[in-house]
Amino acid sequence: MSAAHGLVPEAPAAPLRPLPPRRVPLWRKIVGGVVGIALVSAAVYAQTFVLTADEKSDPLTVSGGMHDELRTSHFSARLERVEFARTVRVKKQYSTDDAKADETFMIVKVGLTAPRRPTQVTSFVLTADGLRFEPTDRVSLSATLGDKWIQPGWWRSGLFFFDVPADKLAGARVVVAEPKTLFGDDYMPETSFDLGFDRPKARQMAGAAKDVYEVSG
Amino acid sequence: MTSTPSGGRPRRRPVLIPVLVVLAAATVGVSAAAGGLKEAPEKPPEQAGKGAEIDQGRMVTRFDDAVVRLGGKDGIGVSDRRYLQLVLKVTNKSEITLLAQMMDDALVGVRADGKPLDDPASTNVTGGPRVVAVSGGHSYGQMHPGVPATVVLAYELPEGKPPPKSVQIDAGMYAWAESFFYKTHEWRLVTTPVAPTAEDRAHGRQFHYSPIVVAQVTLPVRVEA
């Protein structure tokens, strides 16, 4: 009868005989070691790409030269003209303000458009040795692009005025960005324009500065 | 056979222990001679006078003048009030444009004849100086990196009182400090714990942090007619 079938344990299988240890050839051991060390070194090296806490709030920069149209997701900008003047005369409706520079004002004309929503921008000069010059407050803000709105779909041009010593202008860049909010906005776009100045050219341009540059504002 | 056979190598003398003992004794002796293990008393701030140039970390400040004059010049104040003006030459050593207003923080204490000038209890309603960067007879607000700027701190003086004879200015020190929590860096005034005030004791604090003073500058006050 097969009633006991399945209830009566079958005789235990003969224990597996341990396989004879497979011999790993020496060259494979060496290759494995080398690959392991390479992976560990790569992992350690990859740690050098980790952003520092300070770098985490850095903007995303689009770079270019004069007259390039640099596009970001929030605005597009191009650097249209760079001039120098010793005095900037701001003509207002009922008065005229003369602003004198320490050396010369660098006057930067920037064209801007925004793809989606009205946008305001600010600008600064970044010198080759990393110094950051904000636009001068000697020329009133109303004469600059700093307090104008860029409307979506329209190009708008305007000026920024900087009081930067001419010997700092070699290798300098003009950066256009949205004004920094107090907290919370990471990876804001900015555009950075290489002025293309070397030392003689910067000195020559600043030396040929106009006496008076008139703007309305 | 347990004892070392004599006549073989000469017995080594234990050198290490006596040397350690001597070193330990020397360490204790020198520490005691240098004032023990207590925290060293802080150095008194450097005393300086007119024309002194003080490195404050974030900026280098030259203390040029202290003058009482009527307002209305250089875009400072109104013409029927008198102002005590501290005239500084400030070179911004940081990497970005700063506002001149921050010199009010960088000079952590200003006293005229021993009394604090920016005393909140004083009758001066502005509660502090007006700080401007003067150029070409106008007052502006910026100190660009690496460019020396003439900075004026103007304190309005109460009417009908004689002007002070001298001012004493405490210059603070800035350091590029790391935030403990965010690990980001920023310029911060270096502080040190000091003895508690009556208010601190009322709140149960044992000490409070106060900015360190790297230099005390004493300027004679001249009165401009």
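Only bridges with both residues in the protein assembly as shown count here: give the DSSP antiparallel percent, nearest 5.
85 percent
Let me have the 222 nm mean residue ellipticity of chain B computed from DSSP H runs of 4+ only, each contributing -39500 (n - 2.57), with the sum over all residues rounded to the nearest 500.
-3500 deg cm²/dmol
Under a Cβ-only charge scheme (Lys and Arg +1, Asp and Glu -1), can you give me the dipole magnitude of chain B about the Cα centre, in debye to the nearest 20?
1200 debye
Pull up the DSSP beta bridges for segment A:78-159 and report the antiparallel fraction as a percent, rounded to 5.
Bridges in segment A:78-159 that DSSP calls antiparallel: roughly 95 percent.
Counting only GluC sites (Glu not before Pro) that sit in a DSSP loop (anything but H, G, I, E, B) with at most 14 other Cβ atoms within 10 Å, what is the longest stretch of chain A containing none of them?
The longest uninterrupted stretch comes out as A:70-217.
Which of the residue pairs A:K100/B:K89; A:K91/B:K89; B:K73/B:K165; B:K50/B:K93; A:K56/B:K89 have a Cα-Cα distance greater than 30 Å in the structure shown?
Flagged as over cut-off: A:K91/B:K89; A:K56/B:K89.
Distance between the C-alpha centers of segment B:126-148 and segment A:73-127? Whole Å please.
Comparing the Cα centres of segment B:126-148 and segment A:73-127, I get a distance of 22 Å.
Given the pairs A:K168/B:K183; A:K168/A:K210; A:K168/A:K201; A:K180/A:K210, which are separated by over 22 angstrom at their Cα positions?
Long pairs (Cα-Cα over 22 Å): A:K168/B:K183; A:K180/A:K210.
So which lysines can B:K161 reach, going by Cα to Cα under 18 Å and dropping same-chain residues fewer than 8 places off?
Filter leaves B:K115.
Relative to the longest principal axis of chain A, what angle (0 to 90°, nearest 10) does the C-alpha long axis of helix A:26-46 take?
Once rounded, the angle reads 30 degrees.
Could you tell me the distance between the Cα centroids of segment B:168-225 and segment A:8-59, to the nearest Å?
Each part reduced to its Cα centre gives a spacing of 55 Å.
For the protein assembly as shown, build the charge dipole from Cβ charges (+1 Lys, Arg; -1 Asp, Glu) around the Cα centre, then report which of A:Y45, A:S123, A:V34 sits farthest towards its positive end.
Checking the options against the dipole of the protein assembly as shown, the answer is A:V34.
Choose one answer from B:R58, B:R130, B:R205: the residue with the largest mean-square fluctuation in a GNM of chain B with alpha-carbon springs under 10 Å.
B:R205
Based on the alpha-carbon gyration tensor of segment A:55-216 and its eigenvalue square roots a ≥ b ≥ c, which shape applies: rounded if a/c is under 1.5, prolate if not and a/b is larger than b/c, or oblate?
In terms of gyration-tensor shape, oblate.
I want the local charge near B:V131. Using Cβ-Cβ distances under 10 Å, sum +1 for each Lys or Arg and -1 for each Asp or Glu among the other residues.
Result for the neighbourhood of B:V131: -1.
Nearest 10 degrees, 0 to 90: what angle lies between the long axis of helix B:16-33 and the longest principal axis of chain B (Cα atoms)?
So the helix axis and the longest Cα principal axis differ by about 20 degrees.
Pick from B:D80, B:D105, B:D170: which residue has the top mean-square fluctuation in a GNM of chain B where Cα pairs under 10 Å get a spring?
In the Gaussian network model the winner is B:D80.
Using a Gaussian network model of chain A with C-alpha springs under 10 Å, which one of A:A99, A:A53, A:A85 is most mobile by mean-square fluctuation?
Of the options given, A:A53 has the highest mean-square fluctuation.
Just going by the charge dipole of segment A:55-216, with Lys and Arg at +1 and Asp and Glu at -1 on Cβ, which of A:V212, A:V108, A:M66 is farthest out on the positive end?
Looking along the dipole axis, the top candidate is A:V212.
We did not get these values from a lab; they are worked out from the coordinates using the rules stated. In this text, all values refer to a predicted model and were calculated from it rather than measured experimentally. All Cβ positions, glycine included, derive from the backbone under ideal geometry; neighbour counts span all protein chains shown.
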